[in-house]
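One structure is given below, encoded as structure tokens.
The values are calculated or read from the model by the stated rules, or taken from the named source; none is laboratory data. Note that the structure is a prediction, hence the values are computed from the model and not measured. Every residue, glycine as well, gets a Cβ built from its backbone with ideal geometry; the counts of neighbours run over all protein chains shown.
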């Protein structure tokens, strides 16, 4: 599906047009349109790939999707939402919804003991658009609910007034067009070495290279529903990695670690003889199967039989090895006869590379045999459904190559075994899979929070939640026999719903291993020992007991706290305790996505006791619709987060909170006005006694939102307690002297500067500007992670 219908809002009586388009061989010409899952009559609506509805009535609101089909198969589009407003109805109410921000610790609490202040927000609701253009298939910017007016207020705090801007009125305006990025790093699954200058393809199109440290940034093309990227090692040491990368449709950057599988060393085969290559014989296990190549199987691309020596590399990814899950290609999905993208459960995937011994030219094969040991399939129902699949590198979907059928063993000492045998020919495609379609499916509801208080209004968006399906050893839930598939979903304003295999008869037939990362930083799961606390975990008893929730460090306190494991027990519809999440039946995706925060869900949180942020113009980084074009906005452009840090070294017996106070320095519209505060706790130096250091964020100097004039931010660095400034790094001092005006620095307990516009002393990469240090001893620059997106450098 290359064009998906877009969500729209109209007033009753208007008309609307939805469009979709599919590509394929043969070219799809038949299209079907559905409203809330029911097919619309073609004769009544006279549609093809375009559907036009005239004289809209309220009952025509809902979801619309199309399906394209040929004799080769079918594909469904993503659904589009149609909102039909009554005449005079306002979808965007002028009164803002409540939205709370935390005030600095020195501000007094209100009567209820809270330090939270309501700054208001406008809901991201669509506003009614005008009539569609000529075809109705062009780009429609659309109109959205947003901030129309803000008011400045002042809050008494520690003897002074803290300014804060609140939303006073909402209204309709053009929708912000988000810039959506996926950033990350590509490394070897075994050694962690980076993929340097590897090629990146989207579909069949080359879009760039990885950097020296394996880093990459992909700008997600508009209208993308499924981002399929292929990473290619030009030196051919690694198997091509085809990844379906999650992204945040609301804009901003999501960070992904991509692992590449090292190619197996080639073996020499005689093309005139029959050869068998084991699949999955590593680490002392019985092979899962073997690839049998009869004599004369190797072919040149012209079809001519190749009879010489062949260099054959067959790399097998073994799901019995837990560490391989991250290196697997694609997201293990295929398209069924109805055009739905549905999941597979893998028993192993292998990639082949056959080359002529002397010239190194690539070879193909005629019919070859794949034999799979039936004894390695532990779920008996899977024996009847096992198939051979090959990966389409452009769509990231697996396509059926053939069925594996039972056959007696006749290979020497293995005669007592039963094999599943299938045939395939190896042409352009090089990556194959032994899989079964698994229809025991559920969704798992997960939310991420900014801290351990789990306040509903402090949820994090843009967090990548990953779930690996495991098949446990019977009776040993924490000791899995193999992994079966994996999925990653990005949290939105209401959390994330992750697909997972589940079982209604045996709660522990499948378990799930779940992690959460934000900008490469791992979030923490809720503890499961010394005893389960249902209120903290977010799931009530007795269902929690059935799920068997365990954090990774449950038995060993030395293990990480960043993952949990559960039995994916399919909810019993007749048991009221199991109808409120966190596991939902596969047909209840909408119920999962729209579940209130009070419903059962599983949780991660950011360990941020040592950081605090305050913006005069409130803004949630994970929700670009909350950004307002204001001279006092911390981020002048919500599409580009540039974070700047200064290094502060402190000599003293403990760790200290260090604050940066950021005020307009040179711009006439903001001079002397506060932009915001940042607090960071210093970290103890392991080698130097009585020494700690902090990388403190400050507001970068540069253009403000109207992009007309630079402001050099006036930054004050203020450590808590009674500190005395002893030195300023010479690089920083020289720069500030050469770039007047120099801020007055007559307060010995702080350091003040008009922040440099350029990077200085440190190294600049991506969105970080590092300055050498100030305060407490000679400032030093420590190396920081080079490729993390957003902020989070340390």
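Key figures for this structure:
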quantity: Every residue from segment 577-597 that is under 26 Å from residue 561 (Cβ atoms) and modelled with pLDDT under 95; calculated: 581
quantity: Residue check for residue 114: under 30 Å from residue 460 (Cβ atoms) and in contact with a strand residue (DSSP E or B) (Cβ under 7 Å, 6 or more places away or on another chain); calculated: no
quantity: Condition broken by residue 671, with the remaining ones in (1) farther than 22 Å from residue 739 by Cα; (2) at pLDDT 90 or above satisfied; calculated: (1)
quantity: Odd one out for residue 345 among (1) at pLDDT below 90; (2) not in a strand (DSSP E or B); calculated: (2)
quantity: Wholly within segment 167-209, strands (runs of 3 or more DSSP E) carrying at least 3 residues that are free of Cβ contacts under 8 Å to residues at least 60 places away in the same chain, at positive phi and in the same structural domain as residue 123 (by TED's automatic domain parsing); calculated: none
quantity: Odd one out for residue 620 among (1) surrounded by fewer than 20 Cβ atoms within 10 Å (Cβ to Cβ); (2) out of contact with any strand residue (DSSP E or B) (no Cβ under 7 Å at 6 or more places or on another chain); calculated: (1)
quantity: Leading residue by the ranking (nearest to the chain's Cα centre (by Cα)) among those in segment 104-124 that are closer than 30 Å to residue 14 by Cβ and either without any contact (Cβ under 8 Å) to a residue 60 or more places away in the chain or buried (at least 18 other Cβ atoms within 10 Å of the Cβ) (or both); calculated: 123
quantity: Which numbered condition residue 38 misses (of (1) under 30 Å from residue 90 (Cα atoms); (2) touching a strand residue (DSSP E or B) at 6+ places or on another chain (Cβ under 9 Å)); calculated: (2)
quantity: Candidates 359, 329 - the one that is farther than 22 Å from residue 392 by Cα, in a loop (DSSP other than H, G, I, E, B) and assigned by TED's automatic domain parsing to the domain that holds residue 275; calculated: 359
quantity: Single unsatisfied condition, residue 265 versus (1) assigned to a loop (DSSP other than H, G, I, E, B); (2) under 27 Å from residue 387 (Cβ atoms); (3) within 36 Å of the chain's Cα centre (by Cα); calculated: (2)
quantity: All positions within segment 301-334 that are within 25 Å of the chain's Cα centre (by Cα) and surrounded by fewer than 18 Cβ atoms within 10 Å (Cβ to Cβ); calculated: 321, 322, 323, 326
quantity: Failed criterion for residue 304 (all others in (1) modelled with pLDDT of 90 or more; (2) touching a strand residue (DSSP E or B) at 6+ places or on another chain (Cβ under 9 Å) hold); calculated: (2)
quantity: Unmet criterion (only one of (1) in contact (Cβ under 8 Å) with a residue 24 or more places away in the chain; (2) part of a helix (DSSP H, G or I); (3) over 40 Å from the mean Cα position of the chain (by Cα)) for residue 734; calculated: (1)
quantity: Number of the exception - residue 232 against (1) closer than 24 Å to residue 3 by Cα; (2) surrounded by 15 or more Cβ atoms within 10 Å (Cβ to Cβ); calculated: (1)
quantity: Residue among 25, 52, 63 that alone is out of contact with any strand residue (DSSP E or B) (no Cβ under 8 Å at 6 or more places or on another chain), touching a residue at least 12 places away in the same chain (Cβ under 8 Å) and outside the structural domain of residue 680 (by TED's automatic domain parsing); calculated: 25
